[in-house]
Amino acid sequence: MMTATAQAKINLTLEILKKRPDGFHEIRSVVQTISLYDKLKISAGQTLEFKCSLPEWSPAKSLVSKAVSLLKNSTRTTQGALIEIEKEIPLSSGLGGDSSDAAAVLRGLNLLWNLQLSLRELINLGAQLGSDVPLFLYGGTLLAEGRGEKVRPLRPMPHMSVILLFPPVPRIENKTRQLYAQLSVRDYTSGQITEGFINMLQGRAAPQGGSVGLYNAFDSAGLNYFPRLKEYRQQFLEAGAADVHLAGSGPTLFTLIRDEVKAGEIHSRLLKNGLNACLADF
């Protein structure tokens with residue numbers, strides 16, 4: 001048996017550049033993996049079996065089972081496995097949990113089944129599963145382009161605390177597709193916001209006003225789309241957060257704090273107000 005971790009991610013910038021002829025959207029995004037993670041236990045077996053700590057998790061709806069099928073078909077292996085997932089990343093939260101789980105399964109089974117696939121081969125397989133899967137095969141601070149599947153490591157972000165707020169809003173089928181449908185050409189940008197963030201990260205530009213320059217094209221659409229999300233964002237601000245953004249396509253909200261003590265205080269206030277919040281870092 002082997003264990004693997006599947007980290008959550010946040011988008012520090014997320015720009016939508018245009019709609020592509022294939023129906024997808026061209027994006028440019030600085031992505032950061034964080035210390036919140038799912039834990040996977042992968043054991044050899046004669047057949048394929050999936051178990052998860054969340055009863056509502058379904059293998060048929062998850063990229064995990066698709067990752068296993070793709071790996072078996074592409075390598076023609078007949079080996080089986082038992083995959084057990086201990087979920088800490090909420091489902092459909094905008095944190096990439098399912099994509100990260102799929103990436104962890106690709107890495108884990110590559111070792112367990114002794115397939116000897118290279119990182120590039122795993123990334124190519126991951127891109128067939130979903131736009132976010134390749135970035136989790138790297139981890140850290142990354143630039144994602146294209147549909148999100150074109151990934152390049154960047155200079156690491158300095159250590160920061162991340163406070164995540166999980167609003168109690170209903171789960172929505174095809175959430176990301178529906179959020180994209182809320183956007184118009186007015187929400188499209190040129191990619192220069194992300195370029196400026198990268199310049200700051202590389203030390204070629206200074207932060208303005210002490211801000212790290214976070215941006216998410218879904219911020220406005222998400223606040224209008226998810227029920228009561230504006231109220232939860234206001235409670236986040238009242239707890240002491242200065243800059244609150246949507247995580248991916250939401251509905252999770254997050255803020256970054258350099259001061260660990262202040263981060264702990266904000267997190268405690270959210271919990272005292274009966275909100276589901278998590279303190280992480282990178």
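Looking at SER118, SER99, SER65, SER93 in this structure, which one is outside the structural domain of LEU179 (by TED's automatic domain parsing), of a type in the set (S, T, N, Q), out of contact with any strand residue (DSSP E or B) (no Cβ under 7 Å at 6 or more places or on another chain) and without any contact (Cβ under 8 Å) to a residue 24 or more places away in the chain? Explain how you work it out, then say what you get.
Numbers: SER99 fails: without any contact (Cβ under 8 Å) to a residue 24 or more places away in the chain; SER65 fails: out of contact with any strand residue (DSSP E or B) (no Cβ under 7 Å at 6 or more places or on another chain); SER93 fails: without any contact (Cβ under 8 Å) to a residue 24 or more places away in the chain.
That would be SER118, the only listed residue that is outside the structural domain of LEU179 (by TED's automatic domain parsing), of a type in the set (S, T, N, Q), out of contact with any strand residue (DSSP E or B) (no Cβ under 7 Å at 6 or more places or on another chain) and without any contact (Cβ under 8 Å) to a residue 24 or more places away in the chain.
With the checklist (1) small (Gly, Ala, Ser); (2) in contact with a strand residue (DSSP E or B) (Cβ under 9 Å, 6 or more places away or on another chain); (3) free of Cβ contacts under 8 Å to residues at least 40 places away in the same chain; (4) farther than 26 Å from ILE27 by Cα in hand, flag the one item ALA60 doesn't pass.
For ALA60, the exception is condition (2).
Of the residues in region 84-109, how many are over 26 Å from PHE166 (Cα atoms) and in contact with a Gly (Cβ under 8 Å, 6 or more places away or on another chain)? Walk me through it before giving the result.
Applying the first criterion (over 26 Å from PHE166 (Cα atoms)) to region 84-109 yields 106-109.
Next cut, in contact with a Gly (Cβ under 8 Å, 6 or more places away or on another chain) only: 106.
Result for region 84-109: 1.
Looking only at region 1-46, count every residue that is hydroxyl-bearing (Ser, Thr, Tyr) and modelled with pLDDT under 95 and tell me the total. Before the answer, list the steps.
Filtering region 1-46 down to residues hydroxyl-bearing (Ser, Thr, Tyr) leaves 3, 5, 13, 29, 33, 35, 37, 43.
From the residues that got through so far, the ones that are modelled with pLDDT under 95 too are none.
Count: 0.
Checking SER131 against (1) part of a helix (DSSP H, G or I); (2) modelled with pLDDT under 95; (3) not charged (D, E, K, R): exactly one of these is not met. Which one?
(1)
Given the conditions (1) touching a helix residue (DSSP H, G or I) at 6+ places or on another chain (Cβ under 7 Å); (2) within 18 Å of ARG28 (Cβ to Cβ), and given that ARG152 satisfies all but one, which numbered condition is not satisfied?
The failed condition is (1).
Would you check which residues across region 62-92 are more than 26 Å from ASN174 (Cβ to Cβ) and within 20 Å of the chain's Cα centre (by Cα) and list them? Give the derivation first.
The first filter runs over region 62-92 and keeps only residues more than 26 Å from ASN174 (Cβ to Cβ), leaving 72, 74-82, 84, 86.
GLU86, the sole residue that qualifies.
Against the conditions (1) under 19 Å from VAL31 (Cβ atoms); (2) in a helix (DSSP H, G or I), where does LEU143 fall short? Just the number, please.
Going through (1) under 19 Å from VAL31 (Cβ atoms); (2) in a helix (DSSP H, G or I) one by one, LEU143 breaks only (2).
Out of LEU14, LEU36, LEU48, LEU40, I need the residue that is in the same structural domain as GLY96 (by TED's automatic domain parsing) and within 22 Å of GLU173 (Cα to Cα). Which one? Working first, answer last.
Details: LEU36 fails: within 22 Å of GLU173 (Cα to Cα); LEU48 fails: within 22 Å of GLU173 (Cα to Cα); LEU40 fails: within 22 Å of GLU173 (Cα to Cα).
None of the other options fit; the residue is LEU14.
Restricting attention to region 250-263, and to residues there that are in a helix (DSSP H, G or I) and loosely packed, with under 14 Cβ neighbours inside 10 Å, which single residue is farthest from the chain's Cα centre (by Cα)? Quick ask: steps written out before the conclusion?
Of region 250-263, the ones in a helix (DSSP H, G or I) are 260-263.
Next cut, loosely packed, with under 14 Cβ neighbours inside 10 Å only: 260-261.
Working: GLU260: 22, VAL261: 25 Å.
By that ranking, first place goes to VAL261.
Please indicate, with yes or no, whether at least one residue in region 1-24 is under 30 Å from ASP281 (Cβ atoms), part of a loop (DSSP other than H, G, I, E, B) and within 19 Å of the chain's Cα centre (by Cα).
There is no residue in region 1-24 that is under 30 Å from ASP281 (Cβ atoms), part of a loop (DSSP other than H, G, I, E, B) and within 19 Å of the chain's Cα centre (by Cα).
The values are calculated or read from the model by the stated rules, or taken from the named source; none is laboratory data. A quick note: this is a predicted structure, and the numbers were derived from the prediction, not measured. Positions of Cβ are backbone-derived with ideal geometry, glycine not excepted, and every protein chain shown enters the neighbour counts.
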